[in-house]
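Throughout, read-outs are computed from the coordinates displayed, never taken from laboratory work. From a predicted model like this one, the values you see are computed outputs, not experimental measurements. Virtual Cβ from ideal backbone geometry, glycine too; neighbours counted across all protein chains shown.
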Amino acid sequence: MSQNKTCVVIGASHGGVNFAFALRKEGWKGAIVLIDKDQTTPYHRPPLSKKYLELEDSIQNNLLKPLESYEKDNITLSLGKEVAKIDKENKTISLSDGTSQKYDVLVLATGARAFVPPISGINKAKNVFTLRNAKDVEGIRTAFHNSKQKNIVVIGGGYIGLETAASLKKLGANVTVLEREERILARVTTPYLSEFFANLHKANGVHIDVDKSVTEIQSDGNKNTVVCADGTTYPSDLVVVGVGIRVNQELASDIGLEINNGIVVNTATQTSEKDIYAIGDCTFHYNKIYDVHVRLESVQNAVDQAKVAAANICGKATVYDALPWFWSDQYDVKLQIVGLSQNFDSYVVRNEGAMKFSIWYFKNDRLLAVDAINNAKSYVMGTKFIKTEAKIDKEKLADAAVNIKDVLIN
Amino acid sequence: MAKITFITKDGEKVTVEGDSGNVMQLAVNNGVEGIDGDCGGVCSCATCHVFVAENDMDKVGEAGEIEADMLELEDNVSDFSRLCCQIEVSEAIDGIELTVAKED
């Protein structure tokens, strides 16, 4: 029985919050304590680089759950507190304010933090921001309003960098994106989609320079100059750094939990320690559909692992076997991704218009993933085809005149 | 100001009031069971599926293109289906009744 037990959750973002509510729903009768060092009532993260930045939206409009819901489900929110260490023998965590908390079951939903690359002068310069939490965005908004020239350099042409560039452009900034690789989104997508997004940003007036390795940020008061390895320089009032993340895995590694590109969990989201589970961005887990171990940074993975962890902790054996999905919104373009395209050996582009198309990734004729641009139908059908392991006629698929429902090989 | 009534899977009727934002936010902020809104209201997750009462369809209107396509992810989609993050709260929808579609 869980009556007198305590479940402690470290990290109150998509994973931790959804877990806490799911645990209550699964019938956990004991205490649930949700701890996060962020002082803000837990909020949705994806809008931070989009609506929250661009529309100066209130965080109150982006809460994962209203405060009353925590009270109603008797979930203790312990915000503004950092966990210093876990004592797994005594099942106790120590907080940096000197207090401690006992647990019966511990859930690590620690996520990740923005990576700050070792660029000379980056720590000294003013108005340099990463973008991971609400406070970061509030800092960017304030610095933006205080800047006269509105010259912004975004370091890193990944999803965060590009979404931020689009939002700041809409606010009237002069935006330059500096990408280290030969194309934007190099690590996450095909050259075809990289080119589409590069053109989209160009058409909207954002300047993208590739093959730019930033080596130094020189600062003079509030003005910064971003210097690249090839000698080019970019004046900027504000620098946004979006070059990836580092997993918050130290609490886990300190107590000897298995680590491999994140905290290793089994299909029940359990770590190598019986009473410690881990969910969300911080986990390295097995994906059954692709027969591969992955670490995913997504809302879907956080929410779905949260539900699996809650069920297992309440004694309902459940396996995590979700099909991954993602999205990104830039300007009026909606990108929806289903599946994992890694290791694809061919792809088909289905063009239904200049701003409406989809890319279908295959390996040995098996559909792995779909990137859909302004094309929810392809996203939805792709989801169904992957789930049913449907055989697809690639010629028909490439022909936009053929209805997407008629591309299967019978 | 609009009054909106949700009917949850238990048959419970919950009437809430709002004057701005979208219907999904209103439901989440009032703890309406079965409306998750995982994507935060950008029509990406299909976790805010509702059936609009037949008589209220004129007030609410039909799903847009992306929304209608996303609804096809749901097994129980009908002519009265909407993703309620795509319904703006305004006086125009005062008095509508929405049945939460989530089954589990």
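Please identify, among A:N123, A:N224, A:N174, the residue showing maximal mean-square fluctuation in a Gaussian network model of chain A using a 10 angstrom Cα cutoff.
Comparing A:N123, A:N224, A:N174 in a Gaussian network model of chain A, the most mobile one is A:N123.
Take the cross-link list A:K124/A:K212; A:K288/A:K394; A:K5/A:K307; A:K405/B:K102; A:K88/A:K126 and give me the ones stretching past 29 Å between alpha-carbons.
Going by Cα-Cα distance, A:K88/A:K126 fall outside the 29 Å limit.
Å³ per residue of the Cα convex hull, for segment A:252-410?
So the per-residue Cα hull volume is 122 Å³.
Please go through segment B:1-89 and write out the trypsin sites (Lys or Arg not before Pro) that DSSP classes as loop and that have at most 16 other C-beta atoms within 10 Å.
Here the trypsin sites (Lys or Arg not before Pro) that fit, given the DSSP loop and packing criteria, are B:K9.
If we count other beta carbons within 10 Å of each Cβ, what is the order of A:R183, A:R366, fewest first?
A:R366, A:R183
Within segment A:77-91, find all residues whose amide N lies under 19 Å from a label point positioned 7 Å from the Cα of A:N4 along Cα-to-beta-carbon.
Inside the label zone: A:90-91.
Using the Cα centre of segment B:2-100 as the reference point, and only Cβ charges (+1 on K/R, -1 on D/E), how large is the resulting charge dipole? Debye, rounded to the nearest 20.
That gives a dipole near 280 debye.
With the crude spin-label approximation of a point 7 Å out along Cα→Cβ, what separation in nm comes out for A:Q149 versus A:L79?
Calculated label separation equals 3.8 nm.
Looking at the protein assembly as shown, send over the antiparallel percent of its DSSP beta bridges, to the nearest 5.
Around 65 percent antiparallel, to the nearest 5.
How long are the three semi-axes of the equivalent ellipsoid for chain B, computed from the Cα gyration tensor as the root of 5 times each eigenvalue, in whole Å, largest first?
Working from the Cα gyration tensor, I get semi-axes of 18, 15, 14 Å.
Can you return the aspartates and glutamates within cross-link range of B:K59? Criterion is Cα-Cα under 12 Å, with same-chain partners fewer than 8 residues away left out.
Candidates past the 8-residue exclusion: B:E88, B:E91, B:D94, B:E97.
DSSP loop (so not H, G, I, E, B), at most 15 other Cβ within 10 Å: list which GluC sites (Glu not before Pro) in segment A:227-281 pass both filters.
Within segment A:227-281, the qualifying GluC sites (Glu not before Pro) (loop, at most 15 other Cβ atoms within 10 Å) are A:E258.
How much of the DSSP beta bridge set in segment A:128-243 is antiparallel, as a percent to the nearest 5?
40 percent
Taking the Cα-to-Cβ direction at A:N364 and at A:D399 and moving 7 Å from each Cα, how far apart do the two end points lie in nm?
2.9 nm
Within 10 Å of each Cβ of A:67-77, how many other protein chain Cβ atoms are there on average?
Shielding by partners across A:67-77 averages 1.
Pick from B:L73, B:L26, B:L83: which residue has the top mean-square fluctuation in a GNM of chain B where Cα pairs under 10 Å get a spring?
Residue with maximal mean-square fluctuation among B:L73, B:L26, B:L83: B:L73.
With all distinct Cα pairs included, what does the Kirkwood hydrodynamic radius of segment A:332-406 come out to in Å, to one decimal, could you say?
One decimal place: 12.1 Å for the Kirkwood radius.
Using all alpha carbons of the protein assembly as shown, what is the percent of pairwise distances in each 20 Å bin, ordered from the shortest bin to the longest?
In order of increasing distance, the bins hold 21, 54, 24, 0 percent.
Non-local amide H neighbours of A:A84 (under 5 Å, H modeled in plane, Pro and chain starts lacking H): which ones?
A:S94, A:L95, A:S96
What pairs from A:K25/A:K363; A:K25/A:K356; A:K169/A:K334; A:K148/A:K334; A:K65/A:K150 go past 29 Å between their alpha carbons?
A:K25/A:K363; A:K25/A:K356; A:K148/A:K334; A:K65/A:K150
Counting other C-beta atoms within 10 Å, which of A:D136, A:D230 has the fewest, and how do the rest follow?
A:D230, A:D136
For the pair B:D19 and A:E181, what calculated FRET efficiency results from E = 1/(1 + (r/R0)^6), where r is the Cβ-Cβ distance and R0 = 30 Å, to the nearest 0.05?
0.05
Which whole-Hz ³J(HN,Hα) couplings does segment A:47-62 yield from phi under the Karplus relation 6.51 cos²θ - 1.76 cosθ + 1.60, θ = phi - 60°, glycine and proline marked x?
3J(HN,Hα) across segment A:47-62, in whole Hz: x, 4, 8, 10, 4, 5, 6, 6, 9, 6, 5, 8, 5, 4, 7, 10.
Using θ = phi - 60° and the Karplus relation 6.51 cos²θ - 1.76 cosθ + 1.60, list the HN-Hα couplings for segment B:16-31 in order, rounded to whole Hz, with x at every Gly or Pro.
10, 10, x, 10, 7, x, 10, 5, 4, 4, 4, 5, 4, 5, 9, x
Which value in deg cm²/dmol, rounded to the nearest 500, describes the helix-derived mean residue ellipticity at 222 nm for the protein assembly as shown, given -39,500 (n - 2.57) per DSSP H run of n ≥ 4 and division by the residue count?
-6500 deg cm²/dmol, from helical runs alone.
State whether segment A:152-230 is rounded, prolate or oblate according to the following rule on the C-alpha gyration tensor (a ≥ b ≥ c being the square roots of its eigenvalues): a/c under 1.5 gives rounded; otherwise a/b larger than b/c gives prolate, and the remaining case gives oblate.
Oblate is the answer for segment A:152-230, as a/c is 1.5 or above yet b/c matches or exceeds a/b.
Amide H to amide H, which residues 5 or more places from A:L368 or on other chains are under 5 Å from it, using H placed in the peptide plane?
A:Y361, A:F362, A:K363
Label A:N199 and A:D254 with points 7 Å out from Cα along Cα→Cβ: what is the distance between them in nm?
So the two model labels end up 5.1 nm from each other.
Given C-alpha coordinates of segment A:327-372, what is the ratio Rg to Rh with the Kirkwood estimate of Rh?
Result for segment A:327-372 is an Rg/Rh of 1.01.
Which order do A:D371, A:D254, B:D58, A:D104 fall in if you start with the one that has the fewest other Cβ atoms within 10 Å?
In order of increasing Cβ crowding within 10 Å: B:D58, A:D254, A:D104, A:D371.
Can you tell me how segment A:215-304 classifies by the Cα gyration tensor, rounded, prolate or oblate, using a/c under 1.5 as the rounded cut?
prolate
Per residue of segment A:225-232, what does 6.51 cos²θ - 1.76 cosθ + 1.60 with θ = phi - 60° give for ³J(HN,Hα)? Whole Hz please, x for Gly and Pro, Karplus curve as stated.
So the J values, rounded to whole Hz, are 10, 8, 10, 9, 4, 7, x, 5.
With springs only between Cα atoms under 10 Å apart, run a GNM on chain A and tell me which of A:L55, A:L200, A:L64 wobbles the most.
Among A:L55, A:L200, A:L64, the largest mean-square fluctuation in the Gaussian network model of chain A belongs to A:L55.
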